Amino acid sequence: MTDTSVIELLEATLSKSISYNEYVQLTADLTAENKSTGNDPDNEALANYTMLNDRRLKRWNKTLKVDQEITEIASNQSKNLVWLVLSESWCGDAAHNIPVLNKIAELSDKIELKLALRDENPELMNEFLTNGGAAIPKLIAFDKDAKKVIYEWGPRPSEATKLVADYKAEHGKLTPEFKEDLQRWYNKNKGQAVIEDFKKLLS
C-alpha cells in the first residue's frame, strides 16, 4: 500500500488539496451556479445533489456533537497525520460523513484534514478502491514523518456499510427507497457511527 509510487501520488495530490472550509465554500459556490464537481459539472441531477449537500454540510457544522472519549483519544494522538479525503460535491455519503471527520480532526493538533476531488485524481483513487469500486468519501491516513499510509476509511461508517451490504444481499441492488432510508439513518445517527469507527482507528 505504501510503495514509492503511491506515496508520490499521494504527496502530489496533497500539494493541490483544499481545507475543509474551502470544500464547504466550493459546495456553496457551485450551488449558487447550479453546478457540481466532477466530469459533468452541468448535470442537473448532480447539481441538485450538490445543493442538497450544501444544506447538509451547513446543518452538520452547526449541530454535530462529540463525546469526551473521542475528544481524549484524538487529543492524545502522537503521530503527525494528514487525512486526505477524496470526495465530490454531489456525494450524499460525503456530505454526512466529512463534517464528522472535520470535527474529529479539530480535536487534535496532530491531524490535518485535506480534501481532493476524486475525478481529478483517478490514479490515486485507483489505489484505494472499495470492493473494486471508486467509492467516496475515501479517507487515506498518511503519516507525515514515516511517509506511509497507516489506515484508510470509507466510504461509510461500518454500521452503515453493514446496512448496505445486507440490503444488497437480499435485494441484489440498492433501490431509490433504500437510499432515502440511508439518508434518514444518517440524520438519526448524527455522526455517532463515524465517531465510533475512529475511536477504534485512533486508539
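The values are calculated or read from the model by the stated rules, or taken from the named source; none is laboratory data. This structure is a prediction, so every number in the text was calculated from the model and none was measured. Positions of Cβ are generated from backbone atoms using ideal geometry, with glycine treated the same way; all protein chains shown enter the neighbour counts. Just so you know, the surface numbers come from the protein's heavy atoms only, side chains and all, with ligands and any DNA or RNA stripped out. Shrake-Rupley method; radii C 1.70, N 1.55, O 1.52, S 1.80 Å.
Some points to look at:
- Any hit, the range 74-86, residues being at pLDDT 95 or above, crowded, with 20+ Cβ neighbours inside 10 Å and over 26 Å from Met125 (Cα atoms): yes
- Qualifying residue in the range 84-101 (condition: closer than 20 Å to Asp145 by Cβ, in contact (Cβ under 8 Å) with a residue 40 or more places away in the chain, in a helix (DSSP H, G or I) and not charged (D, E, K, R)): no
- When the range 135-162 is filtered for residues that are farther than 20 Å from Asp3 by Cα and out of contact with any Phe, Trp or Tyr (no Cβ under 7 Å at 6 or more places or on another chain), the ones remaining, listed by number, are Ala135, Ile136, Pro137, Gly154, Pro155, Arg156, Pro157, Ser158, Glu159, Thr161, Lys162.
- Residues in the range 103-146 that are over 24 Å from Trp60 (Cβ atoms), open to solvent by 50 Å² or more (accessible area, probe 1.4 Å) and outside any helix (DSSP H, G or I): Leu129, Asn131, Gly132, Lys144, Asp145, Ala146.
- Of all residues making up the range 147-167, the number that are more than 15 Å from Ser87 (Cβ to Cβ), among the charged types (D, E, K, R) and assigned to a strand (DSSP E or B): 1
- So Thr31, is it hydroxyl-bearing (Ser, Thr, Tyr), crowded, with 17+ Cβ neighbours inside 10 Å, over 22 Å from Ile140 (Cα atoms) and in contact with a helix residue (DSSP H, G or I) (Cβ under 8 Å, 6 or more places away or on another chain): yes
- Looking across the range 147-165, just one residue is closer than 19 Å to Ser78 by Cβ, surrounded by fewer than 15 Cβ atoms within 10 Å (Cβ to Cβ) and of a type in the set (Lys, Arg), and that is Lys147.
- Restricting attention to the range 166-203, the residues being open to solvent by 70 Å² or more (accessible area, probe 1.4 Å) and either among the hydrophobic types (A, V, I, L, M, F, W, C) or closer than 28 Å to Leu107 by Cβ (or both) number 7.
- The one condition in (1) touching a helix residue (DSSP H, G or I) at 6+ places or on another chain (Cβ under 8 Å); (2) open to solvent by 70 Å² or more (accessible area, probe 1.4 Å); (3) of a type outside the set (Lys, Arg) that Asp3 fails to fulfil: (1)
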